[in-house]
1. Among the residues of segment 262-284, is any β-branched (Val, Ile, Thr), in a helix (DSSP H, G or I), more than 30 Å from Phe106 (Cβ to Cβ) and outside the structural domain of Ala161 (by TED's automatic domain parsing)?
2. Report, ordered by the first and then the second residue, all pairs with beta carbons closer than 8 Å, sequence separation of six or more or different chains, a first member in segment 168-189 that is crowded, with 18+ Cβ neighbours inside 10 Å, and a second member that is at pLDDT below 80 and outside any helix (DSSP H, G or I).
3. Look at segment 256-308 and say how many of its residues are touching a His at 6+ places or on another chain (Cβ under 9 Å) and within 26 Å of Glu16 (Cβ to Cβ).
4. Regarding Arg143, is this residue farther than 18 Å from Leu195 by Cβ and either of a type in the set (Phe, Trp, Tyr) or in contact (Cβ under 8 Å) with a residue 60 or more places away in the chain (or both)?
5. Tell me yes or no: at least one residue of segment 247-261 is in the same structural domain as Glu298 (by TED's automatic domain parsing), surrounded by fewer than 16 Cβ atoms within 10 Å (Cβ to Cβ) and either within 30 Å of Ala63 (Cα to Cα) or aromatic (Phe, Trp, Tyr) (or both).
6. Output the number of the condition that Ser76 fails; it satisfies all remaining conditions of (1) exposed (fewer than 15 other Cβ atoms within 10 Å of the Cβ); (2) under 24 Å from Ala153 (Cβ atoms); (3) not hydrophobic (A, V, I, L, M, F, W, C).
7. In segment 236-261, how many are touching a Lys or Arg at 6+ places or on another chain (Cβ under 9 Å) and among the β-branched types (Val, Ile, Thr)?
Amino acid sequence: MSISMNTTPSDEFHVERRALGVSMACGLVLAAVGIAIGVITGSQIILFDGFYTFLGIGLSWMAIRVSQLVANGPTSRYPFGREALTPLIIGLEGVALLATCSYATFNDVLTIVDGGSKLPSGWGVGYASVALVVPTGLWWWLRSTARRSELVAAEATQWLAGGVLGLGMLVAFIFAHLILGTQWSPAARYVDPGLVIVACLVFVMPPMRMIRSTFIELVEGSPDTDLQGPARAVVDEISSQFGLGEQHLRMTKIGRKFYVEIDFVVDPAWNVRQSDEVRRALSDKLESLPHDLWLTVEFTADRSWGEF
């Protein structure tokens, strides 16, 4: 028997969409400023940051659309809902960001080989300051919502990476201006393309983690231990409470949905009333976890039905 919990749209979806909408609006402004200043100053790192942010806007729009589809819940066409779209869009974000970093790295390696590029003017320092403050502030604001939404968590990760890049740009630009007129002056030509390569190396891990998590969820792999552990503890507690010895537990997570399937091997004298009591106790405990619970509990006297 399966029990589905929390499958109707809730305030969490509205909070999620509001967070993604604010993120997209801020990203649009920052991307426009970054691309404009990047063209004016000829800075590749600022152009990269602008285009990276602009890419994030498109991904944010896709995330909002996915959030709306998921919030509609199950339909006749999709009786189990469309939660799989959540890890899918996160994986697409990871692939897009990884491709952007790969292209930028290749392009700037060629720039370094060709002798570097000119150092950005004061406009570059000003943009770097904005690129530090705005993404860091948005990351801080999104943190609370990110704890309940994987889409917002992916968005917050991008802003945190943007803040790190802004800090790197600011420090590097100030350092490059300080060495002008010294014996290290020729090195200033390599600061801008070098920053792009360093930024790409820093940015490569978040999209890799996004792709990995997408793969695990879409092939129905076991969830992370921080979700598995509490669920296993609940199952063991209820098993002990009702004197259920042998059990076979399977778990997976897709988006917000947390699938828990348990097969208990019981005595042939076991009855329906006892089964209902176990199911009720399990659902009461497991629904406290921060996911939509899909619980399947089966009882059998034949051990072969529960083995896997």
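1. Checking segment 262-284: at least one residue is β-branched (Val, Ile, Thr), in a helix (DSSP H, G or I), more than 30 Å from Phe106 (Cβ to Cβ) and outside the structural domain of Ala161 (by TED's automatic domain parsing).
2. Phe173/Leu119; Phe173/Pro120; Ala176/Leu119; Ala188/Leu119; Ala188/Leu180
3. So the count comes out to 3.
4. In short, no.
5. Taking every residue of segment 247-261 in turn, at least one turns out to be in the same structural domain as Glu298 (by TED's automatic domain parsing), surrounded by fewer than 16 Cβ atoms within 10 Å (Cβ to Cβ) and either within 30 Å of Ala63 (Cα to Cα) or aromatic (Phe, Trp, Tyr) (or both).
6. (2)
7. 2
One line per residue, one yes/no per condition, for (1) touching an Asp or Glu at 6+ places or on another chain (Cβ under 7 Å); (2) part of a helix (DSSP H, G or I); (3) among the hydrophobic types (A, V, I, L, M, F, W, C):
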{"position": "Gly91", "(1), (2), (3)": "no, yes, no"}
{"position": "Gly115", "(1), (2), (3)": "no, no, no"}
{"position": "Gly124", "(1), (2), (3)": "no, yes, no"}
{"position": "Ala153", "(1), (2), (3)": "no, yes, yes"}
{"position": "Ala188", "(1), (2), (3)": "no, yes, yes"}
{"position": "Leu195", "(1), (2), (3)": "no, yes, yes"}
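The values are calculated or read from the model by the stated rules, or taken from the named source; none is laboratory data. All of these numbers come straight from a predicted model, not from anything done at the bench. Please note: Cβ atoms are built from the backbone with ideal geometry, for glycine as well, and neighbour counts cover all protein chains shown.
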